[in-house]
Amino acid sequence: MYKLSVVNVILQRFREPRKRIQVVAGPRQVGKTTSVEQALAEYIGGYTYKLAEGLGLSPIDWLISEWNAARAKAKAEGEYLLVIDEIHKIKGWSAVAKRLWDEDSFNHVGLKVCILGSSRLLLQKGLDESLAGRFEMIDVWHWSFADMHAAFGYSLEDYILFGGYPGAADLRRDEARWKQYVRDAIIEPSITLDILQLETVAKPELLRQTFVLGCNYSGKILSYQKMVGQLQDAGNTTTIAHYLRLLGEAGLVAGLEKLYDEPVRSRSSSPKLVVCNNALRTAMQTGAPSELRADPVRWGHAVESAVGAQLMASVRRSGIDLLYWNVGCKEVDYVLRRDVEIAAMEVKSADADSVSGIHEFRRKYLNAKTYLIGGQGMSLESFFAISARDLL
């Protein structure tokens, strides 16, 4: 069963009276279509599921035709559900959907609509420009350790190495094939189709290099100036910050801000790079994934990256900020902030690792909660079983 919580949310929305267009969106290969299919299998009522791909008619004419057919069934039955997958492949879909939805609202037609897209990047402009106030987002994100363990029997070591892509789970015993799949079926389409086809990117190769840098330095603080020095294609810091934002929205790599008391300073800080799914980091590393496990230093970096990805997934749409903190050479890896509540986490792969960053953080933020993850602190198993809300 694909992410049971997501399936239940989708099913609940399908069962509700017609209110808003339901939008199921998220990165590639996180189970959006499968979750909707499983919700439809339990849905009691009439529905039509259509994939907006390989269309014989013009795409807009196809969309109008399918909508009209579902509209007729809704008039006959009192209520009907239309599900359209890969909606982003229809140029200008949002303006047409707005007009048709408003017509049905005016005429009290009981047609419910659900649309799916491979990335929020591909949907967001249409939603903001045409469908404001008419849609509700169902955010599908990368799979957690609990999800992968329940569905595929992943061990924690599996999850740290291979991340949370359900479609790649059965390939993990063939490590070379697994890496190729993640690169070809997830990374390349995410960059080419979900970013470059939508956004005006002056230097596509620089964006790709920024992604690789994010994978190689996931869990590490890297100033924009140092990034410019690392990248082969010369760029400026503003451009790289923009590319990091695009990569984060596509569910690939994000840059965390530093905790400051002044928000303006946070936005200008050097970012802490974190992959959104540890599979991305492993796939871009040299050598086989099992070699990472055998190297204590590289394994420690993988653990710190996986903790960051877990926290990033846990804080989505929760009102909790995920940040980092350092002063001089003292650092805590991750900071959670919700209003005046603060929690700081230091990830340790060995018992002897220094915890001076935590001590310094406690002196500055007297009421903050602090945690050691790994080593002699909270076990990794315990950490990956809880949410960010539990830590505040």
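Rule-based calculations on the coordinates, nothing more; no lab input. Just so it is clear, the model here is predicted, and its values are computed rather than measured. Don't worry about glycine lacking a Cβ; one is built from the backbone with ideal geometry, like all the others, and counts go over all protein chains shown.
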Total formal charge among the other residues, if their Cβ is under 15 angstrom from that of V340, Lys/Arg +1 and Asp/Glu -1: 0
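Can you quote the Å³ per residue value for the convex hull of the Cα atoms in segment 275-332, rounded to an integer?
93 Å³
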Amide H of K220: which non-local residues (sequence gap of 5 or more, or other chain) have their own amide H closer than 5 Å, using H built in the peptide plane? L273
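Taking 0.36 nm per residue of separation and subtracting the Cα-Cα distance, what length does fully extending E136 through E53 add? Could you put the intermediate results ahead of the total?
Details: separation 83, 0.36 × 83 = 29.88 nm, distance 2.36 nm.
Full-extension gain reported as 27.5 nm.
Over segment 190-341, what is the percentage of antiparallel beta bridges among all DSSP beta bridges, to the nearest 5?
Once the DSSP bridges in segment 190-341 are tallied, antiparallel ones form about 85 percent.
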Taking Rh as the Kirkwood radius computed over C-alpha pairs, what is the Stokes-Einstein D of segment 280-392 at 10 °C in a medium of viscosity 1.306 mPa s, expressed in µm² per second? 107 µm²/s
Projected onto their principal axes, the Cα atoms of the chain stretch, largest extent first, over whole-Å spans of 71, 48, 43
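Beyond 19 Å, what share of the Cα-Cα pairs of segment 90-237 is found? Please give it as a whole percent.
Values: 7439 of 10878 pairs.
Cα-Cα pairs of segment 90-237 separated by over 19 Å account for 68 percent.
What number results when the radius of gyration of segment 4-139, computed over Cα atoms, is divided by 2.2 N^0.38 Å? Spell out each step's value before the answer.
On the way: Rg = 13.7 Å, N = 136, 2.2 N^0.38 = 14.2 Å.
Rounded to two decimals, the normalised Rg is 0.96.
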Does anyone have the angle between helix 59-77 and the longest principal axis of the chain? Alpha-carbon axes, 0 to 90°, nearest 10? 70 degrees
Sparse-neighbourhood loop hits (trypsin sites (Lys or Arg not before Pro), segment 11-40; DSSP loop; Cβ within 10 Å at most 12 others) -> K19
If r is the Cβ-Cβ distance from T34 to L372 and R0 is 45 Å, what FRET efficiency results, to the nearest 0.05? 0.75
10 Å binning of all Cα-Cα separations within segment 52-106, expressed as whole percents from 0 upward: 22, 56, 22, 1
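Within the chain, what percent of beta bridges assigned by DSSP are antiparallel, to the nearest 5? Present the calculation step by step, with values, prior to reporting the outcome.
On the way: 17 of 44 bridges.
Close to 40 percent.
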